[in-house]
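Right, one structure below, let's go through it.
Just so it is clear, none of the values below were taken in a lab; they were calculated from the coordinates. Here the structure is a predicted model, which means the values were calculated and not measured. Because the Cβ atoms are built from the backbone with ideal geometry, glycine has one as well, and the counts that use them run over all protein chains shown.
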Amino acid sequence: MERIVTLKTELLKEPTQICLLAAGNGTHYNAALIGANPKFRVNLFTRRPEIFADKKVKGIYDADNSTIEGTLQTVSSNPEEVCKGTKVYIISSPVNVQGEILSKIKPFVERNSIIGSLYGQGGFDLIAQSVFGDDIQNKNLAIFALFNVPSTCKVKVPGKEVIIIGPKKYLSVAVLPKSRAIQVQQTCIDLWRVPVTITPNFLSVMMTPGNQIIHSGVLLGMFNNKKAYPLKEVPFFYTNVNPTSASNMERLSDEIQLIKAAINRLHPEINLDSVLPLKERIIAQYGDMVKDRSSLLKVFTSNIGYRVMTVPMVQTENNQFVLNTNARTFVEDIPYGLVLLKDLAEMVNVEVPFITECIEWHQNMMGKNYVKNGRINRETINETGAPSKYGFDTIDKLVIHYSR
C-alpha cells in the first residue's frame with residue numbers, strides 16, 4: 001500500500017519547468033534529452049524561435065544510431081513568456097554573450113531559481129554575479145556551472161535534429177552558494193541521467209579550460225605554429241591532430257599546472273585537485289571511447305567521442321578555406337579562455353610563454369590587442385573575462401572569494 005501511495009504522489013507532481021537559453025549545439029542536446037523526461041517541462045529562449053516551430057528535437061546517438069526525442073513547450077524570443085514558472089535555467093552559448101542573455105532574463109527570474117551554464121569555463125560565475133548582483137541573495141538564487149559538457153554534439157538539422165557523439169560517463173558541478181550544492185547536484189543528476197560530483201570551487205572550473213587549450217593548440221599546430229594560410233578543404237578538428245598540435249596542447253596544459261602549483265604554494269587551503277593535466281582529464285571523461293592512451297596524440301586520434309567535428313572556416317572566392325575569426329574558437333577561446341589563464345599567471349608571477357604566444361597568434365588575426373609587450377593589456381581588459389575585470393586583481397582576493 002505504501003508503494004502505491006508513493007507512486008500516486010509522484011504521478012501527481014507537476015513537472016519542473018526548465019528554460020533553455022540560446023539555440024546552440026548544447027541546447028539541441030538538452031532539448032532532446034531533458035525534453036524526453038516526463039519530470040520536466042522545457043521552454044526555450046532564443047532569438048530564432050521559428051526554427052523550432054515543430055517543438056520536437058530528435059537526438060541521434062552516433063555510436064549506434066539510436067534516437068531520443070524531446071518536446072518543447074514554449075519557444076520565444078520574449079523572455080517574459082518563457083521565464084514565468086521556470087525553476088531552472090540552462091545556458092548554452094559562447095561565453096562572450098552570456099552576460100547579454102542573462103541580462104535579458106534577469107527581470108523575470110523568480111525566487112529560488114537555479115541558473116547554470118552547460119559549460120562553466122570562462123568565468124560563468126563571475127558573469128552571473130555581475131549581472132544578478134544582490135538578486136542572488138535577495139531572491140535566493142543558485143548559480144552553477146558544469147565542469148565539462150554532458151556530451152559532444154553537433155546540430156544536424158537546426159531546430160530538429162542533433163548528433164550525440166560522446167556522452168560523458170559522469171559530470172561535476174560547481175555551485176554557489178555552497179549551501180545549495182546538494183540540491184543542485186540532485187537536479188543535475190535528474191537532468192542528465194549520469195552520476196554528478198560536486199567540484200569544490202569555481203576556480204577549479206576556470207583553470208580547466210578544455211576547449212580553449214584544445215582548440216588553440218590544434219589550430220596553431222595545423223599551420224605548424226606559423227602564419228595561417230588558406231586550405232583546400234575543411235579539416236576535421238580532432239581526429240587528424242598532428243604531432244605539433246599535440247605538443248602545443250601539452251605545453252598549454254603544463255603551463256596551467258605551473259599556475260596551479262604557484263597558487264597552492266601561496267594558498268594551500270584552496271582545493272585544486274580536479275585541475276588535472278589534459279591527457280588524464282580526457283581519459284577520465286571519455287573512458288572506453290579512448291581506444292589508444294599511449295600519448296596525447298593517440299588519445300585524440302583514437303577517441304570516437306571526437307568524430308565528425310570540423311574546424312570553423314569560411315570559404316573564399318577562389319574556393320579555398322580560411323579560419324573563421326568570428327567563431328567560438330576565437331571570440332570565446334581567447335578573451336574568455338587563454339586571457340583568464342594569463343591573468344592568473346601574472347597574479348602569481350608565473351611565466352607562461354606559450355599561453356602568451358597562443359594569445360598573440362590568435363589576436364593578430366582578430367585585430368585585437370589582449371596582450372601587449374608580453375603582458376595583459378589593461379586597456380582591453382573589459383573585452384575579456386579576466387578576473388581582474390571584476391576587481392579580483394590579486395590571487396588573495398580571488399582565493400578569499402572562492403573560499404566562501
Three semi-axes of the equivalent ellipsoid, the range 268-346, Cα gyration tensor, whole Å, largest first: 29, 23, 9
Cα coordinate range in the range 100-153, projected on the principal axes (Å, largest first): 35, 18, 17
Distance from the range 148-218 to the range 231-287 (C-alpha centre basis), Å: 17 Å
Charge tally in the Cβ shell below 11 Å around residue 96, where Lys, Arg are +1 and Asp, Glu are -1, residue 96 excluded: -3
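Taking the Cβ of residue 114 as the centre, find all other residues whose Cβ is under 10 Å away and add up their charges (Lys, Arg: +1; Asp, Glu: -1).
+2
Per residue of the chain, what 222 nm ellipticity follows from adding -39500 (n - 2.57) for every DSSP H run with n ≥ 4, rounded to the nearest 500? Show your work: numbers first, answer last.
Working: 16 runs with 151 residues, N = 404.
-10500 deg cm²/dmol, from helical runs alone.
Could you tell me what percent of the DSSP beta bridges with both partners in the range 2-199 are antiparallel, to the nearest 5?
In the range 2-199, DSSP labels about 35 percent of beta bridges as antiparallel.
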Values of log10 I(q)/I(0), in the order q = 0.09, 0.12, 0.13, 0.15 Å⁻¹, for the range 46-155 under a Debye, Cα-only, solvent-free model: -0.27, -0.48, -0.56, -0.74
Percent RCO, i.e. relative contact order, over the range 206-402, from Cα pairs under 8 Å lying at least 6 residues apart: 24 percent
Given the chain, longest segment not containing exposed loop chymotrypsin sites (Phe, Trp or Tyr not before Pro) (DSSP; at most 16 other Cβ within 10 Å): 224-404
Cα-based convex hull volume of the range 346-404 per residue, rounded to whole Å³: 89 Å³
Local electrostatic count, residue 150, Cβ distance below 12 Å [Lys/Arg +1, Asp/Glu -1]: +3
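Please work out the FRET efficiency for the pair residue 103 and residue 319, using the Cβ-Cβ distance as r and a Förster radius of 41 Å; give the result to the nearest 0.05.
Calculated transfer efficiency: 0.50.
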Rounded, prolate or oblate (a/c below 1.5 giving rounded, otherwise prolate when a/b exceeds b/c) for the range 61-103 by Cα gyration tensor: oblate
Partners for residue 58 among aspartates and glutamates (Cα-Cα distance below 13 Å; same-chain residues under 8 apart left out): 69, 161
Volume per residue that the Cα convex hull of the range 83-212 spans, once the total is divided by residue count, Å³: 117 Å³
Cut-off under 5 Å, modelled amide H: who pairs with residue 69 long-range: 59
Antiparallel DSSP beta bridges within the chain, percent to nearest 5: 45 percent
For the range 228-269: Kirkwood Rh in Å [reciprocal of mean 1/r, alpha carbons]: 13.0 Å
Along the chain, longest interval not containing exposed GluC sites (Glu not before Pro), exposed being DSSP loop plus at most 14 other Cβ atoms within 10 Å: 111-232
Rounded to the nearest 20 debye, dipole of the range 270-364 from Cβ charges on Lys, Arg, Asp, Glu: 480 debye
Cβ-placed point charges (K, R +1; D, E -1), dipole of the range 212-272 about Cα centre in debye, nearest 20: 220 debye
Cα-projected label distance for residue 239 with residue 154, points at 7 Å along beta-carbon direction, nm: 0.8 nm
Computed Rg/Rh of the range 186-246, alpha carbon atoms with Kirkwood Rh: 1.18
Spread of Cα-to-Cα distances over 10 Å intervals beginning at zero, given as percent, for the range 2-199: 9, 37, 38, 14, 2, 0
Cα-based shape type of the range 206-402, given that a ≥ b ≥ c are square roots of the gyration tensor eigenvalues and the cut on a/c is 1.5: oblate
Given 154/227; 87/168; 106/139; 342/389, the pairs whose alpha carbons are separated by over 18 Å: 154/227; 87/168
For the chain: relative contact order, % (alpha-carbon pairs under 8 angstrom, 6 or more apart): 13 percent
Point-charge dipole on Cβ atoms (K/R +1, D/E -1) for the range 314-358, about Cα centre, debye to 20: 100 debye
